[in-house]
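The block underneath contains the structure these notes are about, expressed in structure tokens.
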Amino acid sequence: MSLVSQCRFTAIDFESAGAARGGTDTPVQVGLCSWSSATGHHAPFVSYLFTDKPVQWSARKVHGIGPEQLRDAPTLLSLWPELKTRLAGAIVVAHGKGTEKRFLRAFPGHGFGPWIDTLLLSRAAWPDLADHSLGALCEAHGLTASVRALVPERSWHDALFDAAASLVLLEHLVNSLDLNASPHEILLQPDTSAWHRSKRA
């Protein structure tokens, strides 16, 4: 049973093209980075991703990514060696992990995990906060400057920036709740019952 202090955490974030009515969504950018108590934040990686589907206006309005950035970009499948090297043996982190897990299905049986969802962790740790979006949490805890220092010249809804933000948030949560000496399993299935009660109130 590994302690939190002994683990390597690797965050992953995807930005997407958005889905047209009746269509399926595809990723257009992926960002990854790692953190551990021993080594700190390290190993950033980011890439645009080629897609043969149009980037929806609503998605481009959020992340600013258009066909000009994607024309010569690699496909997600071609990045398998890179992703495998970075995610294998790590605890995988995402804020609202549904999108990331869905896009990684491009690699059947990849075996990455276990997964930590910083959205669920934050709801368990701070159930009374009105907004548990990644940006709102970093602002509420004074973490945004730390994220910007790690990934300068990037901002919210950039895949690397958001991946780094989820790790800065995880580090803050681990340190503020003194979890370094706890089994890492404590982070995998957080108790969000207090948050659900506050939403019903």
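The values are calculated or read from the model by the stated rules, or taken from the named source; none is laboratory data. Please read these numbers as outputs of a predicted model, since none were measured by experiment. Here the Cβ is made from the backbone with ideal geometry for all residues, glycine too, and neighbour counts use every protein chain on show.
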Q: For the stretch 40-55, enumerate the residues that are closer than 18 Å to Phe103 by Cβ and either at pLDDT 95 or above or touching a helix residue (DSSP H, G or I) at 6+ places or on another chain (Cβ under 9 Å) (or both).
A: Phe45, Val46, Ser47, Tyr48, Leu49, Phe50, Thr51, Pro54, Val55
Q: Of all residues in the stretch 136-147, count the ones that are surrounded by fewer than 17 Cβ atoms within 10 Å (Cβ to Cβ) and either of a type in the set (Lys, Arg) or part of a helix (DSSP H, G or I) (or both).
A: 4
Q: Among residues belonging to the stretch 33-63 that are in contact (Cβ under 8 Å) with a residue 24 or more places away in the chain and of a type in the set (Gly, Ala, Ser), point out the one that is farthest from Ala94 (Cα to Cα).
A: Ser58
Q.
The conditions are (1) within 30 Å of Ser176 (Cα to Cα); (2) touching a Lys or Arg at 6+ places or on another chain (Cβ under 9 Å), and Ala20 fails exactly one of them. Which is it?
A. (1)
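Okay, residues lined up against (1) surrounded by 14 or more Cβ atoms within 10 Å (Cβ to Cβ); (2) part of a loop (DSSP other than H, G, I, E, B); (3) of a type in the set (A, V, I, L, M):
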| residue | (1), (2), (3) |
| --- | --- |
| Ala38 | no, yes, yes |
| Val46 | yes, no, yes |
| Pro54 | yes, yes, no |
| Ser58 | no, no, no |
| Ile65 | yes, yes, yes |
| Glu68 | no, no, no |
| Asp72 | no, yes, no |
| Leu79 | yes, no, yes |
| Glu82 | yes, no, no |
Q.
Which residue is farthest from Lys97 (Cα to Cα), if the candidates are limited to the stretch 111-127 and must be in contact with a helix residue (DSSP H, G or I) (Cβ under 6 Å, 6 or more places away or on another chain) and in a loop (DSSP other than H, G, I, E, B)?
A. Pro127
Q: For the stretch 4-36, enumerate the residues that are surrounded by 16 or more Cβ atoms within 10 Å (Cβ to Cβ), among the hydrophobic types (A, V, I, L, M, F, W, C) and more than 26 Å from Val174 (Cβ to Cβ).
A: Ala17, Val28
Q: Working only within the stretch 100-146, note down all residues that are within 17 Å of the chain's Cα centre (by Cα), farther than 17 Å from His157 by Cα and among the hydrophobic types (A, V, I, L, M, F, W, C).
A: Leu104, Phe112, Trp115, Ile116, Leu120, Leu121
